[in-house]
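Participant: Submitted below is the structure of interest, expressed as structure tokens.
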Amino acid sequence: MICASCSSKQSRDQTLTPQDLMIREDASLVSPALLSAAEVQEDIALLIYALKNGYGGRKYVPQKVFEDALAGLEKINSSMSPGELRDRVDAILWTIPDSHLKARLNGVHAAARMKFLTAGGVNGANAISDPKKIWQVRIDSSQKKKILYVSITSFPSGRDAIWSGFIDAVKKHLKESSLMVLDLRGNGGGDDEYGYHLAELLFGGKINDPVTREYFSQTPETFMISANGARMRDLYLKSHGQPVPDYLAKLHSEAMEKYRMAIAGTLPPERIADEGQVIHKFDPKKGYTKPIFILLDGGCASSCESTIGAFETNPMVKRVGSNSIGMIHFGNEGAVLLPHSKIHITMATKYNEYGDKRFIEKTGIKPDIEVPAGQDAYTFLKARI
């Protein structure tokens, strides 16, 4: 017996191209109340195509798990609301050990996913004075000690003008301080460029990144997904009446140029960046030779975690708080917008491998000093320094 709907789905799979993944500048983010079975099948077919051909983790997640997830997606083929489709898709994506891989609808996560993403905060909120800002550098006093308090609540693109003055503000207070506290609680990530700049400043030179090898997918589908990441950010900002930074257009343009190169066959399907075994030593003449405490929690994710990794071999550093979220091995995420439901799939385009082969996705980075649940990590620390 031949399943007519299965045959039509297979036909769609075979005719999909990277162009079908493109999110256009005038794309709508408005979802219908109900999806037909055919619309659900078309959305699912596009998602499966993206996972098979553009997802940066497709070769590096457990293959049986990945295949089972694809099979589970294929079984979603009936009429339903966009919200129900998001929940069913996200539940299947959750089985893949990649915390970046998730489904949202109108910016809203599935309830089960949201529970995971908001598990942090057990050791108090970030102590930044103005929550509207993304960074702050100030001097706090505790028991006659001057604490250089540095807060980073998120990691916008390193090209964003919002970072202007950040490193200089840190440098200004290095000599007068007795110790430093880097507060990364609740930082959901973004672009770790300035996290690494700070780590290098305090290390006195080039740092030792625990991620020693990166696997970049370079298929046309991957570059389209990457371009979509910038386009989705653009669309979200416009839909909320917020200004769109100029660098988003440049990021989109750069990804599309690589897409054209991939289509032309001038790029290999994968690029591997290998740091090798070069070990950089802490420079006490240039680095910060006083204690550094990094506050982390379950809200610290992605570039927040890679920033903590950049401090890993700094001998002055202790991590304080609770485990980070575990959203580290898959990065440089782009986007897939399912055409009928308007479900936004976040999808990584590369895989990060630690030199010691550890795998901490969904378990996170452990603190050196664990703070009991319910106690504020900064208050806890100040009472003990």
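Participant: In a strand (DSSP E or B), surrounded by 22 or more Cβ atoms within 10 Å (Cβ to Cβ) and in contact (Cβ under 8 Å) with a residue 12 or more places away in the chain: which single residue out of 345, 308, 328 fits that description?
Facilitator: Values: 308 fails: in a strand (DSSP E or B); 328 fails: in a strand (DSSP E or B).
345 is the lone residue from the list that is in a strand (DSSP E or B), surrounded by 22 or more Cβ atoms within 10 Å (Cβ to Cβ) and in contact (Cβ under 8 Å) with a residue 12 or more places away in the chain.
Participant: Got a sec? Which of 270, 312, 275 is within 21 Å of residue 188 (Cα to Cα) and either touching a Cys at 6+ places or on another chain (Cβ under 8 Å) or among the acidic types (Asp, Glu) (or both)? Full working, then the answer.
Facilitator: Working: 270 fails: within 21 Å of residue 188 (Cα to Cα); 275 fails: within 21 Å of residue 188 (Cα to Cα).
312 is the lone residue from the list that is within 21 Å of residue 188 (Cα to Cα) and either touching a Cys at 6+ places or on another chain (Cβ under 8 Å) or among the acidic types (Asp, Glu) (or both).
Participant: Still on this model: Let me spell it out: the conditions are (1) touching a helix residue (DSSP H, G or I) at 6+ places or on another chain (Cβ under 9 Å); (2) surrounded by fewer than 17 Cβ atoms within 10 Å (Cβ to Cβ), and residue 211 meets all of them except one. Which number is the exception?
Facilitator: Among (1) touching a helix residue (DSSP H, G or I) at 6+ places or on another chain (Cβ under 9 Å); (2) surrounded by fewer than 17 Cβ atoms within 10 Å (Cβ to Cβ), the lone unmet condition for residue 211 is (2).
Participant: Also, I was wondering about something else. Could you figure out which of (1) on the phi > 0 side of the Ramachandran plot; (2) touching a Lys or Arg at 6+ places or on another chain (Cβ under 7 Å); (3) not basic (Lys, Arg) isn't true of residue 149?
Facilitator: (1)
Participant: Would you mention how many residues in the stretch 97-120 are surrounded by 15 or more Cβ atoms within 10 Å (Cβ to Cβ) and modelled with pLDDT of 90 or more?
Facilitator: 13
Participant: Test residue 243 against the stated conditions and say whether it is free of Cβ contacts under 8 Å to residues at least 60 places away in the same chain and more than 21 Å from the chain's Cα centre (by Cα). Explain how you work it out, then say what you get.
Facilitator: Working: free of Cβ contacts under 8 Å to residues at least 60 places away in the same chain: yes; more than 21 Å from the chain's Cα centre (by Cα): yes.
Spelling it out, residue 243 is indeed free of Cβ contacts under 8 Å to residues at least 60 places away in the same chain and more than 21 Å from the chain's Cα centre (by Cα).
Participant: Looking only at residues that are of a type outside the set (A, V, I, L, M, F, W, C) and closer than 17 Å to residue 316 by Cβ in the stretch 143-175, which one is surrounded by the most Cβ atoms within 10 Å (Cβ to Cβ)?
Facilitator: Taking the stretch 143-175 and keeping what is of a type outside the set (A, V, I, L, M, F, W, C), we get 143-146, 149, 151, 153-154, 156-160, 164-165, 168, 171-173, 175.
Now restrict to residues that are closer than 17 Å to residue 316 by Cβ: 145-146, 149, 171, 173, 175.
Details: 145: 14, 146: 15, 149: 23, 171: 11, 173: 17, 175: 9.
Across the stretch 143-175, the extreme among qualifying residues is 149.
The values are calculated or read from the model by the stated rules, or taken from the named source; none is laboratory data. Please read these numbers as outputs of a predicted model, since none were measured by experiment. A quick note on method: Cβ atoms are made from the backbone with ideal geometry, for glycine too, and the neighbour counts reach across all protein chains shown.
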